[in-house]
Amino acid sequence: MQRDLLLNAGKELAWHGRTQSEPAHYCSICEVEVFDLLLVTTESNSRKTYVVHCQDCARRADLDNFVVLEQYKIEDLMHVYDQFTLVSLKRTLCFRPEWSILET
């Protein structure tokens with residue numbers, strides 16, 4: 001949905017990728033976590049130091065001044081979603097006396 005909104009607003013998505021040990025990204029203004037589509041200022045993009053913004057903060061500042069970096073391919077995210085399975089809590093928990101926090 002966010003991807004479609006950005007594309008409809010005329011923004012191009014640049015592939016950025018993500019490394020295994022890369023920390024989560026947070027908006028530099030409101031500190032909300034930003035996942036997959038990183039909106040960074042164009043001047044910070046040219047220096048390769050990225051100041052990340054969420055979509056709300058980027059829109060308030062003027063979306064034209066931002067570059068959108070994509071960290072995951074939509075096909076990969078769809079595959080993870082399609083493979084996700086909820087597991088019953090009853091089947092996964094087994095009680096062991098040493099786990100008991102109450103002592104008699």
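The values are calculated or read from the model by the stated rules, or taken from the named source; none is laboratory data. Everything numeric in this text was worked out from a predicted model, so none of it was measured. With ideal geometry, Cβ positions are generated from the backbone for all residues, glycine too; neighbour counts draw on all protein chains shown.
Below are the figures for this structure:
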| read-out | value |
| --- | --- |
| Positions within the range 1-41 being over 20 Å from K73 (Cβ atoms) and assigned to a loop (DSSP other than H, G, I, E, B), in sequence order | A9, G10, P23, C27, S28, I29, C30, E31, V32 |
| Close pairs (8 angstrom Cβ cut-off, 6 or more residues apart or separate chains): aromatic (F, W, Y) in the range 1-30, exposed (fewer than 14 other Cβ atoms within 10 Å of the Cβ) and not in a loop (DSSP other than H, G, I, E, B) anywhere | Y26/E33 |
| Members of the range 6-40 that are at pLDDT below 90 and surrounded by 13 or more Cβ atoms within 10 Å (Cβ to Cβ) | L6, K11, L13, H16, R18 |
| In the range 48-104, residue modelled with the lowest pLDDT [restricted to those that are in contact with a strand residue (DSSP E or B) (Cβ under 6 Å, 6 or more places away or on another chain) and in a loop (DSSP other than H, G, I, E, B)] | Y50 |
